[in-house]
Amino acid sequence: MSRSRRQPSLSQLRAFAAVAEHLHFREAAAAMGMSQPALSGAVSALEETLGVTLVERTTRKVLLSPAGERLLIRTKAVLEEVNALLEEAEAVRAPFTGVLRLGVIPTVAPYLLPTVLRLVHDRYPALDLQVHEEQTANLLEGLTDGRLDLLLLAVPLGVPGIVELPLFDEDFVLVTPFDHPLGDQKGIPREALRELNLLLLDEGHCLRDQALEICREAGREDAPVTTTAAGLSTLVQLVAGGLGCTLLPRTALRLETSRSNRLLTGYFADPAPARRIALAMRTGAARAAEYRELAAALREDLRSLPVRVLDEDDRDWRRGHVVPPERRRQVLPQGR
């Protein structure tokens, strides 16, 4: 390698990555907080330094050249390593300080965030927690590309390069209209799901996929999709209106059913269908020790909820199954 070869600057690499993400110079410049001419100049300077054309500019749209597609992979890797360097330096200076960007799925956020926020406020007051509520696919993308630092979501994920820190398991319950024969029943067999008009969340929600998997395990061949909703609150109100039944995780039950007196709750026979909630971080994350400490603190604070708190080494989980009773850390209270 020639010693006189020019090297690109980080600002040039960040400008190129922004243009590649937005495929629009004005939007990329706004996202970067810089003027469009400055952004365009940074990309042009990078092209000159590398000796290749990265971006094809037309009057209507922006496209990456074949060289741009190839070098974008390296660019992202460089920027991720620089971010890791900065995070490591920040962590060395003082643990639990600076920004922590937490991603949370919508079927967890309203029910667990009060506990998370209270914990951070009381125990880690110097931590600048920033919360982003998104669906699982977007959260995973944000974690892998460095936009997010830590996720709170349902697992298993089965994604290479991501470490799961299990927090708890929680059962699903059946929410029905007030005149449904399964309402207020205990010991409901899963096979009852074969005949129910089951209301589900929209595509993209992991809770929808979990509900469909539970139905398949119960022997239901068809997908029970006649009415869907964007959130659990709407879903429960549809049930109150008599349109069908739905499955709710136990942490959501009290909040979502308190808005109507036209709902009943049924409890499945043991082992009930359940989901696992965990924190997720990148493998080799610079602040891994902090995230593990945060997970341990969360487990303690979550014991007041209707969940089975786990140890970090609990791995006996497969999608659609529950942890065997002998491995449970906490017995769920019965009743509404």
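The values are calculated or read from the model by the stated rules, or taken from the named source; none is laboratory data. A quick note: this is a predicted structure, and the numbers were derived from the prediction, not measured. Here Cβ is always computed from backbone atoms with ideal geometry, including for glycine, and neighbour counts include all displayed protein chains. For accessibility, only protein heavy atoms count, side chains too; no ligands or nucleic acids. Shrake-Rupley method; radii C 1.70, N 1.55, O 1.52, S 1.80 Å.
When region 153-175 is examined, which residues are found to be farther than 30 Å from residue 189 by Cα and not β-branched (Val, Ile, Thr)? If you could, list the steps in order and put the result at the bottom.
Just the residues of region 153-175 that are farther than 30 Å from residue 189 by Cα, to begin with: 159-165.
Hits for region 153-175 are 160, 161, 164, 165.
For region 286-304, give me the residue count where each residue is in a helix (DSSP H, G or I), closer than 19 Å to residue 88 by Cα and open to solvent by 20 Å² or more (accessible area, probe 1.4 Å).
4
Tell me which helices (runs of 4 or more DSSP H) are completely within region 1-76 and hold 3 or more residues being open to solvent by less than 20 Å² (accessible area, probe 1.4 Å) and over 23 Å from residue 144 (Cα atoms), or say none if there are none. So that I can check it myself, show each step before the final result.
Working: elements: 10-22, 25-32, 36-50.
The helices (runs of 4 or more DSSP H) meeting that bar are 36-50.
Which condition number in (1) over 26 Å from residue 130 (Cα atoms); (2) in a loop (DSSP other than H, G, I, E, B); (3) open to solvent by less than 10 Å² (accessible area, probe 1.4 Å); (4) not aromatic (Phe, Trp, Tyr) is the one that residue 184 fails?
The one condition residue 184 does not meet is (3).
Residues of region 148-176 being out of contact with any Leu (no Cβ under 7 Å at 6 or more places or on another chain) and more than 29 Å from residue 79 (Cα to Cα), which ones?
Result: 170, single match.
Would you mind stating whether residue 140 is open to solvent by less than 40 Å² (accessible area, probe 1.4 Å), under 14 Å from the mean Cα position of the chain (by Cα) and modelled with pLDDT under 95?
Criteria not met by residue 140.
Name every residue in region 77-104 that is open to solvent by 80 Å² or more (accessible area, probe 1.4 Å), among the acidic types (Asp, Glu) and closer than 30 Å to residue 123 by Cβ, in order of residue number.
88
Sort out which residues of region 187-208 are modelled with pLDDT under 95, under 16 Å from residue 245 (Cα atoms) and not in a loop (DSSP other than H, G, I, E, B), and write them in order of number.
190, 191, 192, 193, 194, 198, 200, 201, 207, 208
Quick one: which of 269, 252 is out of contact with any Ser or Thr (no Cβ under 8 Å at 6 or more places or on another chain) and either open to solvent by less than 50 Å² (accessible area, probe 1.4 Å) or free of Cβ contacts under 8 Å to residues at least 60 places away in the same chain (or both)? Steps first, please.
On the way: 252 fails: out of contact with any Ser or Thr (no Cβ under 8 Å at 6 or more places or on another chain).
Among 269, 252, only 269 is out of contact with any Ser or Thr (no Cβ under 8 Å at 6 or more places or on another chain) and either open to solvent by less than 50 Å² (accessible area, probe 1.4 Å) or free of Cβ contacts under 8 Å to residues at least 60 places away in the same chain (or both).
Is it the case that region 273-284 has a residue that's among the hydrophobic types (A, V, I, L, M, F, W, C), touching a residue at least 24 places away in the same chain (Cβ under 8 Å) and not in a strand (DSSP E or B)?
Taking region 273-284 as the starting set, the residues that turn out to be among the hydrophobic types (A, V, I, L, M, F, W, C) are 274, 277-281.
Among the residues that remain, those that are also touching a residue at least 24 places away in the same chain (Cβ under 8 Å) are: 274, 277-281.
Going one step further and asking which of them are not in a strand (DSSP E or B), we end up with none.
Within region 273-284, none of the residues are among the hydrophobic types (A, V, I, L, M, F, W, C), touching a residue at least 24 places away in the same chain (Cβ under 8 Å) and not in a strand (DSSP E or B).
Write out, first by first residue and then by second, each pair whose Cβ atoms fall under 7 Å of each other, whose residues are 6+ apart or on separate chains, and whose first residue, in region 129-143, is closer than 8 Å to residue 103 by Cα while the second is among the β-branched types (Val, Ile, Thr) and outside any strand (DSSP E or B).
Matching pairs, first to second residue: 139/105.
Only one of these conditions is not met by residue 157: (1) part of a helix (DSSP H, G or I); (2) more than 30 Å from residue 36 (Cβ to Cβ). Which number is it?
(1)
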